[in-house]
Structures are given as C-alpha cells and as structure tokens.
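Participant: Here it is, the structure in full.
Read the figures in this text as sums done on the coordinates, not as results from a lab. Because the structure is a prediction, the values reported are computed rather than measured. Cβ placement follows ideal geometry from the backbone for every residue including glycine, while neighbour counts extend to all protein chains displayed.
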Amino acid sequence: MWAGRVAWDREQMVLPHDTLSEKVKQAIIERVLDGTYPPGTRLLELSLAREFGVSQGPVREALRELSATRLVESRPRRGTFVRASSQEDMAEVYLVRMALEETAGRYGMEALHADPSPLRRALDRMRAAADADDVRELVRGSVEFHRAVVSAAGNRLLLEIWDSLHVEARTMATVVRGQVDLHAAAEMHAPLLDAYIRGDAEECARLLAEHQQEYLKLPQETLGG
C-alpha cells in the first residue's frame, strides 16, 4: 500500500530485540491498515513469530504496545484480536493530542524560536518523503516535528503523556485511511515553522490546535461507524 513495505530476511535475526519488536509492530500495523488482518482477526504469538522468523518475545512486546494504541485488544483467556476502529476512538485521541500540543506550543516557543532547526529538519524530511511517495517516512517526519514541539516545552510529564498516545501508529492510520495528499500533509507544517521563527507563542498554539482539528475530521469522515 505504501513505499518501504517491511521485508523479512535472515539479517533481521541478528538485530537487537527492541528493533525486532518495532519491526514486528510496524508490520502488524501495516497489515491491519491494508486489510490483511481485518477486524476480529485473532493474532497468535506463535503464528506471527513463525511468519516473521523471530522468537515469541518480540511479538509479545509488539502486541502489548499495540494494545495501548487500541488498534488491537487483549481479551482475557481468549487472546489478542484486531479491533474495529471507531469515530469515537480516533476523535478522543486527537482531542487529547490537540490539548497537549497547544499547551506545548506556548511553553516551548522560546526554545524553538532560538533554534528552529529540529522543526526545519523534520519538515525537510517530510518533503523528501512526499517526493518519494513514502508514507511511512512522511509519518515519521511528522512525528519528529510534533515531538520536537512537545519536547521543547521542557515538561517531562507532558512528553510522557504525548508518547503514550502512540502517535506514529495513529498518524499512519489516519494518513492511509484518509488518503491524505502527502505534499499537502508536509506543507501543513510550514506555517508552524514560520510561527516559531517569528516567535509568536499564541500563533504557534493556535496553528497546532488547528492542525489537530484538521486531522480529527479525517477519521470521522473515512472510517465509518
């Protein structure tokens, strides 16, 4: 469905455990999004481990992380299943994210005004990804951009809560299911960078809120009930 589909080969057998877990997680996300694993599919640790050529440990860790994203759910004594996404699920996450980033936009303005290079690098990454039609890389650039905004606020708890939303997986779901134009998605971040360069904290907060509001609309329009 997008560039850079996960490929499994023998080289991955020697990768660090956390890297394997991340690759397994991304592969499962991809297959949930493209319909390979439709809602209601039971995800068996042993079967997935055999499919990806890894031990059950990385698969178990990936499924645990995915349960937190609510893309899958663990049912007591039954196993792990792909969840049916709902308008309410996605809307709740974007509303929380909007509140966090709007706050971070104000408190982190001074740091990013002094050095906007993290935002500029992330925007360059997104633009290059859009040119290459690489959805996954564009999403990673977007996550890099917004995490830099939250991190600049200098509040560890704020950053921990933001990280707990599993932004990359949710953004991937929104971009793929919403059939978002990649160049438009990248350029949505340019006014934010400009606002930080100018040093306007209120404009930064306003633009960050508006940014999340735009994405909040997409799941409601495209995922159905």
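Participant: Indicate the gyration tensor shape class of segment 86-151 (rounded, prolate or oblate), computed on the Cα atoms with a ≥ b ≥ c the square roots of the eigenvalues: a/c under 1.5 is rounded; otherwise a/b larger than b/c is prolate and the rest oblate.
Facilitator: Oblate.
Participant: Can you put ILE197, ILE29 in order of Cβ neighbours within 10 angstrom, beginning with the fewest?
Facilitator: ILE197, ILE29
Participant: Just rank VAL135, VAL96, fewest to most, by other beta-carbon atoms within 10 angstrom.
Facilitator: VAL96, VAL135
Participant: If neighbour count is taken as other Cβ atoms inside 10 Å, put SER117, SER55 in order from fewest to most.
Facilitator: SER117, SER55
Participant: Give me the log10 of I(q) over I(0) for segment 87-222 at q = 0.15, 0.18 Å⁻¹, as the Debye formula computes it from C-alpha points; what are the numbers?
Facilitator: With no solvent term, the Cα-only Debye profile gives -0.66, -0.97.
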